[in-house]
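Everything on this sheet refers to the single structure shown next.
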Amino acid sequence: MFARVGFAGATLGEIAREVGIRRPSLLHHFATKDALYREVVAGAFGELGAALGAALEHEGDTRARLEALARAFGGFVEAQPEVARLVLREVLADGGPGQAILLEQAAPLLDGVVAFVEAHGLERLAAGVSARGALMAVVSDALLRAAAGPLRGPLWGPPLPDLTWATARALLWTEAP
């Protein structure tokens, strides 16, 4: 519901109806819509953080670990397009709790991946490309693609396996001279 209509557009009554309970039952578990929203977003970022953390611990050289990261992120948003829609909605929103949550939870995840790239593969970046900028291009592409729904094919073309890794490789990994 939050992914479809945003924080402001969702009501506790509609959410309760959608999950098959009454509004008072929902309020028993979450005192406010803000509390429910925070729990939904925290859960999504917790799952994403676990997937990325496991990828960072992947065995292998830097390229293999970067590949594991890209595949983990791409796989996560592909499997959960509603999370991609929620993140994009909040990046573009004016106000509401979402932007604060993104700063609290998503920014540290990004900082961790940037630190990894800078520590292990910065020399592989194309000249003049920042690790953060390249990562945000990869993240943005994966989020938009996952959230695009029926526009996905017309905009990105036929589905390609491992497109997030291909994008990351193009932006983050140049071959050694």
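The values are calculated or read from the model by the stated rules, or taken from the named source; none is laboratory data. Only a predicted model underlies this, so the values are computations on that prediction, with no experimental measurement involved. When we count neighbours, we look across all protein chains shown, and the Cβ atoms used for this are built from the backbone with ideal geometry, even at glycine.
For the range 94-107, indicate whether the set of residues that are polar (S, T, N, Q), surrounded by fewer than 17 Cβ atoms within 10 Å (Cβ to Cβ), in a loop (DSSP other than H, G, I, E, B) and without any contact (Cβ under 8 Å) to a residue 60 or more places away in the chain is non-empty. No, that holds for no residue. When Ala134, Ala168, Ala119, Ala107 are checked against the criterion of being modelled with pLDDT under 85, hydrophobic (A, V, I, L, M, F, W, C) and within 22 Å of Leu52 (Cα to Cα), Ala119 stands alone in meeting it.
Of the residues making up the range 18-69, those that are in a loop (DSSP other than H, G, I, E, B) and modelled with pLDDT under 90 are Glu57, His58, Glu59, Gly60, Asp61. Does Leu86 meet the test of being in contact (Cβ under 8 Å) with a residue 60 or more places away in the chain, hydrophobic (A, V, I, L, M, F, W, C), within 22 Å of Arg169 (Cβ to Cβ) and out of contact with any strand residue (DSSP E or B) (no Cβ under 7 Å at 6 or more places or on another chain)? Judged against the criteria, Leu86 is not a match. Quick check on my filter: what residues within the range 1-59 are farther than 28 Å from Pro108 by Cα and basic (Lys, Arg)? Result: Arg17, Arg22, Arg23. Answer yes if at least one residue in the range 21-33 is surrounded by fewer than 19 Cβ atoms within 10 Å (Cβ to Cβ), small (Gly, Ala, Ser) and more than 23 Å from Ala134 (Cα to Cα), and no otherwise. Within the range 21-33 (the criterion being surrounded by fewer than 19 Cβ atoms within 10 Å (Cβ to Cβ), small (Gly, Ala, Ser) and more than 23 Å from Ala134 (Cα to Cα)), the answer is yes, since at least one residue qualifies.
Condition check for Ala72 on (1) more than 16 Å from the chain's Cα centre (by Cα); (2) part of a helix (DSSP H, G or I); (3) of a type outside the set (Ser, Thr, Tyr): one failure, at (1).
Filtered by the rule that a residue be buried (at least 17 other Cβ atoms within 10 Å of the Cβ), touching a residue at least 60 places away in the same chain (Cβ under 8 Å) and part of a helix (DSSP H, G or I), the range 146-177 gives Ala146, Ala147, Leu163, Thr164, Trp165, Thr167, Ala168, Arg169, Leu172.
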